[in-house]
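Engineer: Input: one structure, supplied below.
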Amino acid sequence: MSEQVMKQLRIDFVSDVMCPWCAIGLASLEQALLKLQGDVGVDLHFQPFELNPQMPPEGEPVEAHLRLKYGMTQAQLDENQARIAARGAELGFTFDFNARSRMWNSFDAHRLLHWAGLQGLELQRALKHALLRAHFTEGRNVSDHAVLAEIAASVGLDAAQVQAVLMEGRYADDVREAEEFFRRNGITGVPAIIIEQKHLISGGQPVDVFERALREIAVAK
């Protein structure tokens with residue numbers, strides 16, 4: 001395939017910054033993309049999905065929230081988090097579940113990600129990485145406007161524009177419309193990786209699953 005014209009694929013990565021498997025899925029996808037360099041190019045778009053759209057602004061204690069939502073005992077939760085942390089470590093992503101104490105409302109983070117995508121896909125991608133690190137590695141409050149503004153500025157986004165987006169409620173309708181679009185089209189869990197707007201890969205799949213699927217779709221395109 002390397003002797004042919006490189007195929008360009010659109011990937012919509014539907015996810016929430018509150019979702020650990022989304023961090024794993026992104027890391028795995030990006031490692032697959034490294035293996036495809038020169039053969040397959042991608043336009044990676046991050047799309048919004050809220051695991052907890054009714055989450056109050058003050059958030060909720062994370063362990064109590066997870067135990068109640070998923071019906072887990074503390075032992076089951078600890079085992080699940082250890083498994084997630086190990087999987088993340090294999091992919092180079094650090095989970096520190098002792099650092100985070102609360103689950104936060106992610107709507108404003110999605111608004112900021114939407115705006116970042118309008119500035120450029122690489123800026124949006126950098127912001128997505130920074131938000132995931134802030135929540136899962138550093139335990140920061142990614143619903144707090146000051147925290148969001150600091151994170152956005154750290155990846156090169158204009159600080160004044162970031163403040164305006166956050167304070168003025170910009171792109172709220174766009175985020176809600178996108179969320180409704182994906183729910184209406186059957187997305188009920190994340191990460192959901194949609195290739196060329198028709199091929200769906202669900203969950204934090206291994207690197208070789210992403211690599212194989214992308215090669216097959218690129219060949220068929």
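The values are calculated or read from the model by the stated rules, or taken from the named source; none is laboratory data. Not measured: the values here are computed from a predicted model. Cβ: placed from backbone, ideal geometry, glycine included. Neighbour counts: every protein chain shown. Just so you know, the surface numbers come from the protein's heavy atoms only, side chains and all, with ligands and any DNA or RNA stripped out. Shrake-Rupley method; radii C 1.70, N 1.55, O 1.52, S 1.80 Å.
Engineer: Note down all Cβ pairs under 8 Å where the first residue falls in region 188-202 and is within 14 Å of residue 214 (Cβ to Cβ), the second is open to solvent by 40 Å² or more (accessible area, probe 1.4 Å) and hydroxyl-bearing (Ser, Thr, Tyr), and they're at least six residues apart or on different chains.
Structural biologist: From residues that are within 14 Å of residue 214 (Cβ to Cβ), the pairs are 193/202.
Engineer: So, one more: Filter region 162-174 down to the residues that are in a helix (DSSP H, G or I) and out of contact with any helix residue (DSSP H, G or I) (no Cβ under 8 Å at 6 or more places or on another chain) and list them by number. I'd like the intermediate steps shown before the answer.
Structural biologist: So the first thing to find is which residues in region 162-174 are in a helix (DSSP H, G or I), and the list is 162-167, 172-174.
Correct list: 164, 173.
Engineer: Looking at (1) buried (at least 21 other Cβ atoms within 10 Å of the Cβ); (2) among the polar types (S, T, N, Q); (3) without any contact (Cβ under 8 Å) to a residue 40 or more places away in the chain, which is the one condition that is false for residue 143?
Structural biologist: (3)
Engineer: Still on this structure, please answer the following. Of all residues being of a type in the set (Lys, Arg) and part of a helix (DSSP H, G or I) in region 203-221, which is least open to solvent (accessible area, probe 1.4 Å)? Just the residue, please.
Structural biologist: Just the residues of region 203-221 that are of a type in the set (Lys, Arg), to begin with: 212, 215, 221.
Now drop any that are not part of a helix (DSSP H, G or I), which leaves 212, 215.
Values: 212: 120, 215: 70 Å².
Of everything passing the filter in region 203-221, 215 is least open to solvent (accessible area, probe 1.4 Å).
Engineer: Same structure, new question: Suppose the filter is closer than 23 Å to residue 122 by Cα, in contact (Cβ under 8 Å) with a residue 40 or more places away in the chain and touching a Cys at 6+ places or on another chain (Cβ under 8 Å); does residue 28 pass it?
Structural biologist: Working: closer than 23 Å to residue 122 by Cα: yes; in contact (Cβ under 8 Å) with a residue 40 or more places away in the chain: yes; touching a Cys at 6+ places or on another chain (Cβ under 8 Å): no.
So residue 28 does not fit the description; no.
Engineer: Something else: Can you find even one residue in region 89-96 that is without any contact (Cβ under 8 Å) to a residue 24 or more places away in the chain, charged (D, E, K, R) and exposed (fewer than 15 other Cβ atoms within 10 Å of the Cβ)?
Structural biologist: yes
Engineer: Go through region 61-79 and give me each residue that's under 17 Å from residue 99 (Cα atoms) and of a type in the set (Val, Ile, Thr).
Structural biologist: The one that is under 17 Å from residue 99 (Cα atoms) and of a type in the set (Val, Ile, Thr): 62.
Condition check ((1) at pLDDT 95 or above; (2) acidic (Asp, Glu); (3) closer than 21 Å to residue 178 by Cβ) across all residues:
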{"position": "51", "(1), (2), (3)": "yes, no, yes"}
{"position": "64", "(1), (2), (3)": "no, no, no"}
{"position": "86", "(1), (2), (3)": "yes, no, no"}
{"position": "91", "(1), (2), (3)": "yes, no, no"}
{"position": "106", "(1), (2), (3)": "yes, no, yes"}
{"position": "114", "(1), (2), (3)": "yes, no, yes"}
{"position": "131", "(1), (2), (3)": "yes, no, yes"}
{"position": "141", "(1), (2), (3)": "yes, no, no"}
{"position": "162", "(1), (2), (3)": "yes, no, yes"}
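Engineer: Something else about it: Only one of (1) charged (D, E, K, R); (2) within 23 Å of residue 6 (Cα to Cα); (3) in a loop (DSSP other than H, G, I, E, B) fails for residue 50. Which number is that?
Structural biologist: (2)
Engineer: Residue 200 fails exactly one of the following numbered conditions: (1) crowded, with 16+ Cβ neighbours inside 10 Å; (2) not in a helix (DSSP H, G or I). What is the number of that condition?
Structural biologist: The single condition residue 200 does not satisfy is (1).
Engineer: Please go through region 2-47 and give me each residue that is open to solvent by 10 Å² or more (accessible area, probe 1.4 Å) and part of a helix (DSSP H, G or I), ordered by number.
Structural biologist: Selection gives 20, 21, 27, 30, 31, 33, 34, 35.
Engineer: On to the next question. Within region 53-89, work out how many residues are assigned to a strand (DSSP E or B) and more than 30 Å from residue 123 (Cα to Cα). Can you show your working first?
Structural biologist: So in region 53-89, the residues assigned to a strand (DSSP E or B) come out as 60-61.
Those still in the list that are more than 30 Å from residue 123 (Cα to Cα) too: 61.
Total meeting the criteria: 1.
Engineer: As an exercise: evaluate residue 115 against (1) over 22 Å from residue 29 (Cβ atoms); (2) of a type in the set (Phe, Trp, Tyr); (3) part of a loop (DSSP other than H, G, I, E, B) and give the number of the one condition it does not meet.
Structural biologist: (3)
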